[in-house]
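What follows is a set of notes on a single structure, which appears directly below.
Please treat every number below as a calculation from the coordinates, not as lab data. Fair warning: this is a prediction, and the values are worked out from it, not measured in the lab. No Cβ is skipped: glycine too gets one built from the backbone with ideal geometry, and neighbour counts run over all protein chains shown.
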Amino acid sequence: MGLVLYDYWRSSAAYRVRIALNLKGLSYESRQVHLIRDGGEQHAADYQAINPQQLVPALLDGERVITQSLAIMEYLDETHPETALLPADARGRARVRALAMTVASDAHPIGNLRVLQYLQSQLNVDELQRVEWSRHWIAVSFSALETMLAGNAATGRYCHGDVPGMADACLVPQFYNALRWKLSLEEYPTLQRIYGECNALEAFQRAAPEAQPDAPVASPA
């Protein structure tokens, strides 16, 4: 059996893995886990048996299940080393991991669906405040990323050099979130440039939320 990705069209973490799979030219079966319908299909017993965290993505490779988007990308790099997502040198790998984790470990979890749902259902935070919450934490991460990338000799056409990799796979979904929440992006010219370079590539275009089989045909719900 080939690779199977448990996926949801608007999941940022799943979006990262789709980009990585496409950059490597790996085919995979997409199995949709709707995060909202029926209270969230990720909470169903059959999916909990796959991922006890009740999150997407999860990657099935034969009988092996790998969870957490960055762990999945590193697994893909180790099992399919062609078209590497990480640089060959230790210093470069550390830089790319730091850029990726600025999004995946620090910013994205704060604005994840389950956090926003908790703010609404348990703390009675209204929609406008939740939007401001999301904008604030994306802006915090984008300010740091802009500083880390702008003027750094290691930054090229993409986050690290002239070949897209793990950092770009994390940046693009977070930029999509920034657009979704209507964050002002004028202060982040380097991020805007890299986002444009990435989205000119087919690997990123095919990974985009609206290109997924479970994406709503009309306006997103």
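What does the charge count near GLU41 come to, summing +1 for each Lys or Arg and -1 for each Asp or Glu among other residues with Cβ under 11 Å from its Cβ? Its environment carries a net charge of -1.
Put in order of Cβ neighbour count within 10 Å, fewest first, the listed residues LYS182, LYS24 become LYS182, LYS24. Put in order of Cβ neighbour count within 10 Å, fewest first, the listed residues ILE36, ILE194, ILE50 become ILE36, ILE50, ILE194.
Summing charges over neighbours of GLN192, with a neighbour being any other residue whose Cβ is under 11 Å away from its Cβ, gives -3 when K and R count +1 and D and E count -1. Take every pair of alpha-carbon atoms less than 8 Å apart whose residues are at least six positions apart; their mean separation over the length of the chain yields a relative contact order of 25 percent. Kirkwood radius and radius of gyration were both taken over the C-alpha atoms of the chain, and their ratio Rg/Rh is 0.95. Of all DSSP-defined beta bridges confined to the chain, some 55% are antiparallel rather than parallel. Arranged from fewest to most other beta-carbon atoms within 10 Å of their beta carbon, VAL4, VAL56 become VAL4, VAL56.
3J(HN,Hα) along the range 81-88, derived from phi through the Karplus expression 6.51 cos²θ - 1.76 cosθ + 1.60 where θ = phi - 60°, amounts to x, 5, 6, 5, 8, 10, x, 6 Hz, with x in place of Gly and Pro.
When the chain is described by a simple charge dipole with +1 on each Lys and Arg Cβ and -1 on each Asp and Glu Cβ, the residue from LEU70, VAL140, MET101 located farthest towards its positive end is VAL140. In a reduced charge model with +1 at each Lys and Arg Cβ and -1 at each Asp and Glu Cβ, the chain shows a dipole moment near 260 debye about its Cα centre. Backbone phi angles across the range 172-189, fed through the Karplus curve with coefficients 6.51, -1.76 and 1.60 (θ = phi - 60°), yield HN-Hα couplings of 4, x, 5, 5, 4, 4, 4, 5, 4, 8, 6, 6, 5, 10, 4, 7, 10, x Hz in residue order; Gly and Pro are listed as x.
In loop segments of the range 26-63 as defined by DSSP, the GluC sites (Glu not before Pro) with at most 12 further C-beta atoms inside 10 Å of their C-beta are GLU63.
Dipole orientation for the chain: of the candidates VAL172, GLN48, LEU35, VAL172 has the Cα lying most toward the positive pole (charges on Cβ; Lys, Arg +1; Asp, Glu -1).
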